[in-house]
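Enquirer: Here it is, the structure, as structure tokens.
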Amino acid sequence: MGEIKVSPDYNWFRSTVPLKKIIVDDDDSKIWSLYDAGPRNIRCPLIFLPPVSGTADVFFRQILALTGWGYRVIALQYPVYWDHLEFCDGFRKLLDHLQLDKVHLFGASLGGFLAQKFAEYTHKSPRVHSLILCNSFSDTSIFNQTWTANSFWLMPSFMLKKIVLGNFSSGPVDPMMADAIDFMVDRLESLGQSELASRLTLNCQNSYVEPHKIRDIPVTIMDVFDQSALSTEAKEEMYKLYPNARRAHLKTGGNFPYLCRSAEVNLYVQIHLLQFHGTKYAAIDPSMVTAEELEVQKGNLGISQEEQ
């Protein structure tokens, strides 16, 4: 039990990467918590947005690996926001505070939905350069909870946790997936009633993504072929919404592949970010990119421009 929490990697992460707390709203109770790691000279980092049950540190394996390769990575934890517009406005203020003009977003489940909503919200003055959507969705109605979304704020913490735990895998899983679920249950326990209620509200409030507003953004859809909280219909809907998206399929990984299949997830993230090497929107330190790699990348850019 709790193997990840006591692992050397996790302890190394907690002891070397500081957790920052930032307030950008007039309401002092709205606190963004984040880990910001990697070279500060990078102005277009990759930002990770967690699922309902997650905290910023659920992406520690991505932070450790990607910063080791020269990427700037930020993992976030949301304050209490009760609707998507309020979240988008707060997130925009956070990017302004961090002096980040454009960013790449990796969103897991609810995080992926919020990433899409933010890209849609800022489409007239784009702040999102690309999206990686992991086990995510584009329409909250798939959860059949839109009618209860307005009552989550009334529910006690144990009921909210029960709702979230109901989506965790209950069947037989391999040891790494079991460790990932244990870790996520532990993270879930650390969330307060208002944090959980607000996230479930965002997850289930009647809303959908308007694809025409974000069709020019490069997208990678990452999903698993084994059991996860997402239905096949929800996955198919994502493919239809983003017909030109790259697809990153993991044979197994459940709801939390970034924890239990981190090597594969990190590889797919690198492949996604590779297309921006050598541009001003690269998330990697230029000194970490070889000249040969840049030549190949320039060649690819030339081909894609000719195609257009």
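Enquirer: Please specify each residue of the stretch 22-39 satisfying the condition of being under 27 Å from Leu133 (Cβ atoms) and of a type outside the set (Phe, Trp, Tyr).
Expert: Our first condition is that a residue be under 27 Å from Leu133 (Cβ atoms); within the stretch 22-39, this holds for 22, 24-25, 30-39.
Ile22, Val24, Asp25, Lys30, Ile31, Ser33, Leu34, Asp36, Ala37, Gly38, Pro39, listed by residue number.
Enquirer: Six or more apart or on different chains, Cβ atoms under 9 Å: show the pairs whose first residue is in the stretch 49-65 and modelled with pLDDT of 95 or more and whose second is in a loop (DSSP other than H, G, I, E, B) and among the aromatic types (Phe, Trp, Tyr).
Expert: Listed by first residue and then by second, the contacts come to Leu49/Tyr78; Pro50/Tyr78; Pro51/Phe256; Val58/Phe256.
Enquirer: Take Thr140 and decide whether it is more than 16 Å from the chain's Cα centre (by Cα) and under 14 Å from Ile214 (Cβ atoms). Show your work before the answer.
Expert: Numbers: more than 16 Å from the chain's Cα centre (by Cα): yes; under 14 Å from Ile214 (Cβ atoms): no.
Considered against the rule, which asks whether it is more than 16 Å from the chain's Cα centre (by Cα) and under 14 Å from Ile214 (Cβ atoms), Thr140 comes out as no.
Enquirer: From Gly68, Gly90, which residue is among the small types (Gly, Ala, Ser) and in contact with a strand residue (DSSP E or B) (Cβ under 8 Å, 6 or more places away or on another chain)? I'd like the intermediate steps shown before the answer.
Expert: On the way: Gly68 fails: in contact with a strand residue (DSSP E or B) (Cβ under 8 Å, 6 or more places away or on another chain).
Exactly one of Gly68, Gly90 is among the small types (Gly, Ala, Ser) and in contact with a strand residue (DSSP E or B) (Cβ under 8 Å, 6 or more places away or on another chain), namely Gly90.
Enquirer: Separate question: Quick check on the stretch 103-119. Is at least one of its residues open to solvent by 60 Å² or more (accessible area, probe 1.4 Å) and either in a strand (DSSP E or B) or touching a helix residue (DSSP H, G or I) at 6+ places or on another chain (Cβ under 9 Å) (or both)?
Expert: No: the stretch 103-119 contains no residue that is open to solvent by 60 Å² or more (accessible area, probe 1.4 Å) and either in a strand (DSSP E or B) or touching a helix residue (DSSP H, G or I) at 6+ places or on another chain (Cβ under 9 Å) (or both).
Enquirer: Limited to the stretch 194-217, what total is found for residues that are outside any loop (DSSP other than H, G, I, E, B) and not charged (D, E, K, R)? Let's see the steps before the verdict.
Expert: Quick first cut of the stretch 194-217, residues outside any loop (DSSP other than H, G, I, E, B) only: 194-204, 208, 211-213.
Right, trim to not charged (D, E, K, R) and you get 194, 196-198, 200-204, 208, 211-212.
So the answer is 12.
Enquirer: Here are some conditions: (1) outside any helix (DSSP H, G or I); (2) open to solvent by 20 Å² or more (accessible area, probe 1.4 Å); (3) of a type outside the set (Gly, Ala, Ser); (4) farther than 26 Å from Phe137 by Cα. Val80 meets all but one. Which one does it not meet?
Expert: Of (1) outside any helix (DSSP H, G or I); (2) open to solvent by 20 Å² or more (accessible area, probe 1.4 Å); (3) of a type outside the set (Gly, Ala, Ser); (4) farther than 26 Å from Phe137 by Cα, only one is false for Val80: (4).
Enquirer: Continuing with the same structure: Would you be able to tell me the number of residues in the stretch 15-35 that are under 16 Å from Asp89 (Cα atoms), without any contact (Cβ under 8 Å) to a residue 60 or more places away in the chain and in contact with a strand residue (DSSP E or B) (Cβ under 6 Å, 6 or more places away or on another chain)? Outline the logic, then answer.
Expert: Taking the stretch 15-35 as the starting set, the residues that turn out to be under 16 Å from Asp89 (Cα atoms) are 22-32.
Then drop every residue that is not without any contact (Cβ under 8 Å) to a residue 60 or more places away in the chain, which leaves 23, 26-29, 31.
Filter once more, so that each one left must be in contact with a strand residue (DSSP E or B) (Cβ under 6 Å, 6 or more places away or on another chain): 31.
Matching residues across the stretch 15-35 total 1.
Enquirer: If only one of Ala291, Ala263, Ala229 is modelled with pLDDT under 85, surrounded by fewer than 18 Cβ atoms within 10 Å (Cβ to Cβ) and small (Gly, Ala, Ser), which one is it?
Expert: Ala291 is the lone residue from the list that is modelled with pLDDT under 85, surrounded by fewer than 18 Cβ atoms within 10 Å (Cβ to Cβ) and small (Gly, Ala, Ser).
Enquirer: Could you list, ordered by first residue, the pairs with Cβ atoms under 6 Å in which the first is in the stretch 190-209 and open to solvent by 10 Å² or more (accessible area, probe 1.4 Å) and small (Gly, Ala, Ser) and the second is assigned to a strand (DSSP E or B) and at pLDDT 95 or above, at least 6 apart or interchain?
Expert: From the stretch 190-209, no pairs qualify.
Enquirer: Now a separate question. Taking the stretch 38-50 on its own, how many of its residues are open to solvent by 10 Å² or more (accessible area, probe 1.4 Å) and either of a type in the set (Gly, Ala, Ser) or under 21 Å from Phe113 (Cβ atoms) (or both)?
Expert: 1
Enquirer: When you go through Met177, Met222, Met238, Met184 one by one, which is the residue that is crowded, with 16+ Cβ neighbours inside 10 Å and in contact with a Gly (Cβ under 6 Å, 6 or more places away or on another chain)?
Expert: Details: Met222 fails: in contact with a Gly (Cβ under 6 Å, 6 or more places away or on another chain); Met238 fails: in contact with a Gly (Cβ under 6 Å, 6 or more places away or on another chain); Met184 fails: in contact with a Gly (Cβ under 6 Å, 6 or more places away or on another chain).
Just one listed residue meets the conditions, Met177.
Enquirer: Pick from Leu154, Leu85, Leu131: which is open to solvent by 30 Å² or more (accessible area, probe 1.4 Å), aliphatic (A, V, I, L, M) and at pLDDT 95 or above?
Expert: Only one candidate qualifies: Leu85.
The values are calculated or read from the model by the stated rules, or taken from the named source; none is laboratory data. None of these values were measured; they are calculated from a predicted model. Don't worry about glycine lacking a Cβ; one is built from the backbone with ideal geometry, like all the others, and counts go over all protein chains shown. Calculation scope for accessible area: heavy atoms of the full protein, side chains included, ligands and nucleic acids excluded. Shrake-Rupley method; radii C 1.70, N 1.55, O 1.52, S 1.80 Å.
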